[in-house]
Amino acid sequence: MAVSHEFSRRALLHGAMAGGAAFGGFGRLFAADSAAQASRQQKHVILLWMSGGPSQFETWDPKPGAPTGGPHLSIPTTIPGIHFDEFLPQLARLAERMVTIRSMTTKNGDHSAGSFLAQTGHEPSRVIAPPPHWLAMAAHELAPARGELPAFVNINREQDVQTNPGAGFLGPKYQQLYCPGNGAPPEDLPPPSVADLAALEAREALRERLAAGFRAGRDPRPLAAHDAIFRQMGSLVASSEIFDISREPESDQDRYGRTRFGRDCLLARRLVERGVPFVRVQHQNGLAWDKHRRAFDCQRHISAEFDTAAGALIDDLIARGLWEQTLVVCMGEFGRTPEIQGQGPPGRNHYTKNWALSFGGCGMKEGVVIGKTNADGTEIIDRPVTIHDLFCTFYTILGIDPHKELDFEGRPIPLVENKLGQPLREVL
Amino acid sequence: MAAKLTQIKKSLYVDDGLKRGPLTLFRLRAFPSSPFMLGQCTDRQLALWNLEAEPRQVKKGEFVVGDLVCPHPAGWIRGFDVASSSDFIATGGSDRTLRLWKWEGTRPSDKPVAQVAAHDGWVEAVAFSPDGSRLATVGADRQLKLWEAGSLKLLQTAPAHTGYPRDLAWTPDGSKIVTGGEDGQLIVWNGADLQPVATIGFGEANDQQGQNPALTGVYRLAISRDGQWLAAGGAKLTAVFELATGRGVGMVKESGVDVAFHPRFDWLAMGENQLRVWSYEVAKFAPKALSGDKDKEGRLKPLSLPALPGQEVANIKRNDYGQGIAFLDGGRQMALGKADGVVDLWEATEG
C-alpha cells in the first residue's frame, strides 16, 4: 500500500515536472525558454486601471499658470514641447515610447457607469446581454498560446461589478482570475507540493464522478466552461511560482517601488513574461484617483507611486523584448473638472468633456500625442476621441476586428457598442 | 478666566471672478501694526484685505473684498509670513521660489524685491525670525533652509524630514525653529546653525492610500507666546508638548489640522470644520515622557496623553474644511478662513 502510494506520488510528480498527463501536462510549462518563446509569440495587454477618474491636469495635460492649473507644475517630456505633471518623471521620460491622448470625451460622469463603459465599450444599460470586460473579450478572441494558463488575471480589489466588469455573456471560462493585490498570489493557492497535487487530483476525480450524473440532459457548454476552470486550477497549483514575486531580485522590487502597486506591477510583468496574455492591475483599492478633497497634496503621493511602478514596468517590457507584443494602457473612467471646487480643501469633481490617458507598445507608432485642449483645459480644440474610437484602436492593435459581432442567444452583439468608433489612424 | 468670542458682523471675501472655483483659504497673517491682513489661498497670489474698509455688496453677499497681490508666475503660494516690522512679506510657492516683497503702506510692491529658487520642490512654509533678520523655509525636498532676510542669501541648509515637511515656527526669542512634517515628527532646531536639538514624535502618519486619505503626520504647528509650549495639529487631534523637554502635556481629540496660540491669553485655537478655542491651565500641566513606541510598520503608535487641562471657550462651526487662524489687534479679534474664500471675524473678550 505504502509502495503503491509512493509510486503514485512519484508518477504525479513526474507528470508535473516532465509534462505528463495530470491536469493537461503542466511540467516544464514555466521553464524560462518555453515561457519566453510563448510570450514573444502572443499579444499581451496590461491595463493599469486608475480607478476614480485621474485628473488630466495632474497627469498628461497640465496647465501650470492657468487659473485652473492648480499648484502642480509640469516637466518636459522626451517629446519636444510636450509637458506632463511634475510628479510623473518616469512617464515623461517614456513619453516618446507612448501614445498620449489629451482629447478623450465621454458623457457618463458616474463612476460605475463610466468605468463600465471605459472597460467594455458599452453603456451598461444598452444591451440585454451583459458585455464582458474588453480583456475578457480579447481572451475570447485570442486564444492564449498556452491554454493551461489563465487568460485574464486581475490584480487588486475591485470596487464592484461595474467598476470592474467580468466576463459577461462570455461566461465563466473568460472570467478573470483574481489576485488580491500587494503582489500576492490568488488566495488559497497552495504551494506545488506532491501532496497538494495528489489531493487536488483526487478531488478532481471525485468531482468528475459526481458531475457525470448531473450532466445527463443538460446543455454541455456551461458545464464545459466550468470543467475548464477546474482543469486550469490544477495547472495553477502546479505553477504557483509564476505568482511568486519574492523570486524577483531585490533591485527590481526597489525599482518598482516598495508599494502595493509596485508589487502588483512586478507581478503583472512576471505573469506576462510567463505567458498570461491579459492582466488588469488596479492602482490602490477603491476609487483612489477620485480626488474631490485634499486633491493636490495627496495627488503627489498617488502620482509618484503610479509613475515609479508604471515606468519600471514599461522599462522592463522594452528591455526584455516584450514591448512589441504588449499593449500597456494607463487610464481611468473619466477626468476631472477645470474648476477647483471647495469640497474640502480643494479638489476637482468629475469631468467627461475632456480627459487624458496614455498607452503604448504592441507595435503601434510611438511618441504620438493626439488632441489638444484650450489654455484653461475647459474645451477640446483638436481631435476629439471617443471611448469607441479607443476600443476600436485597442482591438485593431490586437488584430481583432472591432466591429465583429458575437452571437449571444441568437442576438448579434458587436465587440464595440453599436459598431461605433474608428481606430485612431495616427497610431496604426 | 471667563472669556468669550462673539462674531463680528463683517466678513472678508476674495474672488478673482474667473469662475474656476472658490479661493479656499489655508493660512492667514495679520500685520502687527496696521489694519491689514493677508491670506494664502488656492492661487499663485495672496489675498489682501484692509480691515478698516467698508463692506460692499458682491454676488455672494456683503463683504470687505480683498485684492490679489504678490504674484508668483505659476503654481500656488504654499507658505508666507509678514515681518514683525511689517516692512516685508515673504512668499514661498509650489514654483520652488522664495520671494520677498516690500510693504508700501497699503499694499506690497508689484514686483518682488528679491527672489531665489529656494527648494527642489514646493516651498511648504516660510517664517521670519522674530527680529526680522532671517527667514526659515522648508520644502518638499525635505530640507530646512535659513536665509538672510534682506537679500535672500542662503545661510544654512539641513536635511529635515523623511516625508514632506508641512510647517515651521520660530520661538519668540529667535533661538529655535520647530518644523513638522508628514512623517509625524516635530524637530526642534537651533535657530543659529540649524543643528537639530530634539525630535518629538507626534505620529499620526499614514501612507496616503485610497480615495480620501486623512492628512498625514503634522499639518500645522504653533508656539505659545512665552515659548514654553508647542502645539501640533494632525488630521484628528491637536497635541501640546513642553518645548524645552519634548515631553507631552495633553491633547484634544477630534480637533486637529489648524492650530494657533492667542498672543495674550492662554488660549489655543484648533480645528478645521469645527474650530475650538481652548483656555488651557498651565498650573495643571504635568508633562510626561513620550513612549516613542512604533508599530510593526515602523510608524509611531498613537499618542497616549491626557486631555489638555483647561476648558473650552468657544466651539465654532466654520464648515467646509476651512483653514487659517489669525489673531488681530493684539488678540482682540480672531480671523477664521473658510473654504469658500470667506474670512469670518470674531471679537475676543475677557470676562
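The values are calculated or read from the model by the stated rules, or taken from the named source; none is laboratory data. Because the structure is a prediction, the values reported are computed rather than measured. FYI the Cβ positions are ideal-geometry reconstructions off the backbone, even for glycines, and counts take in every protein chain you see.
The single residue among B:GLY174, B:GLY163, B:GLY150 that is within 25 Å of B:HIS262 (Cα to Cα), outside any strand (DSSP E or B) and of a type in the set (Gly, Ala, Ser) turns out to be B:GLY174. Among the candidates A:GLY321, A:GLY399, A:GLY360, the residue that is touching a residue at least 60 places away in the same chain (Cβ under 8 Å), out of contact with any Phe, Trp or Tyr (no Cβ under 7 Å at 6 or more places or on another chain), over 20 Å from A:GLY114 (Cα atoms) and assigned to a strand (DSSP E or B) is uniquely A:GLY360.
For region B:214-226, check the following and say yes or no: at least one residue is under 21 Å from B:ARG99 (Cβ atoms), more than 14 Å from chain A (Cβ to nearest Cβ), of a type in the set (A, V, I, L, M) and out of contact with any helix residue (DSSP H, G or I) (no Cβ under 7 Å at 6 or more places or on another chain). No.
This table checks each residue for (1) in contact with a helix residue (DSSP H, G or I) (Cβ under 8 Å, 6 or more places away or on another chain); (2) part of a loop (DSSP other than H, G, I, E, B); (3) surrounded by 24 or more Cβ atoms within 10 Å (Cβ to Cβ); (4) modelled with pLDDT under 95.
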site	(1), (2), (3), (4)
A:SER55	yes, yes, yes, no
A:PRO62	no, yes, yes, no
A:SER112	no, no, no, yes
A:ALA138	yes, no, yes, no
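Tallying residues that are within 12 Å of chain B (Cβ to nearest Cβ) and assigned to a loop (DSSP other than H, G, I, E, B) within region A:65-86 yields 10. When A:GLY347, A:GLY342, A:GLY332 are checked against the criterion of being within 14 Å of chain B (Cβ to nearest Cβ), modelled with pLDDT under 95 and surrounded by 24 or more Cβ atoms within 10 Å (Cβ to Cβ), a single residue qualifies: A:GLY347. Given the criteria under 30 Å from B:VAL123 (Cβ atoms) and not aliphatic (A, V, I, L, M), does A:PHE84 qualify? Judged against the criteria, A:PHE84 is a match. If you filter region B:174-203 down to residues that are away from chain A (no Cβ under 14 Å) and under 20 Å from B:ARG27 (Cβ atoms), you find that the one that is surrounded by the most Cβ atoms within 10 Å (Cβ to Cβ) is B:GLY180. The numbered conditions (1) within 30 Å of A:ALA113 (Cβ to Cβ); (2) within 14 Å of another protein chain (Cβ to nearest Cβ) are all true for A:ALA268 except (2).
Exactly one residue among B:GLY351, B:GLY330, B:GLY298 is on the phi < 0 side of the Ramachandran plot and at pLDDT below 95, and that residue is B:GLY351. Criterion applied to A:ARG280, A:ARG263, A:ARG269 was being under 26 Å from A:GLY166 (Cβ atoms), within 16 Å of the chain's Cα centre (by Cα), part of a strand (DSSP E or B) and among the charged types (D, E, K, R), and the one residue passing it is A:ARG280. Of A:ARG300, A:ARG258, A:ARG294, A:ARG280, all but one fail to be away from chain B (no Cβ under 14 Å) and of a type in the set (D, E, K, R); the exception is A:ARG280.
Do you know which residues across region B:214-226 are touching a Lys or Arg at 6+ places or on another chain (Cβ under 8 Å) and either in a loop (DSSP other than H, G, I, E, B) or farther than 18 Å from B:GLU254 by Cα (or both)? Within region B:214-226, B:ALA214, B:LEU215, B:GLY217, B:VAL218, B:TYR219, B:ARG225 meet the criteria.
Restricting attention to region B:110-138, the residues that are farther than 22 Å from A:GLY70 by Cα, without any contact (Cβ under 8 Å) to a residue 40 or more places away in the chain and outside any loop (DSSP other than H, G, I, E, B) add up to 1. Residues that are within 12 Å of the chain's Cα centre (by Cα) and not in a loop (DSSP other than H, G, I, E, B) within region B:242-264 comprise B:VAL259, B:ALA260, B:PHE261, listed in sequence order.
Note on region B:70-91: residues that are in a strand (DSSP E or B), in contact with an Asp or Glu (Cβ under 7 Å, 6 or more places away or on another chain) and not hydrophobic (A, V, I, L, M, F, W, C) total 2.
Residue by residue, here is whether (1) within 14 Å of chain A (Cβ to nearest Cβ); (2) of a type outside the set (Ser, Thr, Tyr); (3) buried (at least 17 other Cβ atoms within 10 Å of the Cβ) holds:
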| residue | (1), (2), (3) |
| --- | --- |
| B:PHE88 | no, yes, yes |
| B:ASP110 | no, yes, no |
| B:SER129 | no, no, yes |
| B:SER133 | no, no, no |
| B:ALA140 | yes, yes, yes |
| B:LEU152 | no, yes, yes |
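If you go through region B:154-164 and pick out every residue that is buried (at least 21 other Cβ atoms within 10 Å of the Cβ) and touching a residue at least 40 places away in the same chain (Cβ under 8 Å), you end up with 1. Within the set A:ASP315, A:ASP407, A:ASP307, A:ASP401, the sole residue that is away from chain B (no Cβ under 14 Å), under 25 Å from A:LEU135 (Cβ atoms), crowded, with 23+ Cβ neighbours inside 10 Å and among the acidic types (Asp, Glu) turns out to be A:ASP307. For the structure I just gave you, tell me whether B:ASP207 is within 12 Å of chain A (Cβ to nearest Cβ), on the phi < 0 side of the Ramachandran plot and charged (D, E, K, R). Spelling it out, B:ASP207 is indeed within 12 Å of chain A (Cβ to nearest Cβ), on the phi < 0 side of the Ramachandran plot and charged (D, E, K, R). Taking region A:352-377, which residues are under 21 Å from A:ALA319 (Cβ atoms) and among the hydroxyl-bearing types (Ser, Thr, Tyr)? A:SER358, the sole residue that qualifies.
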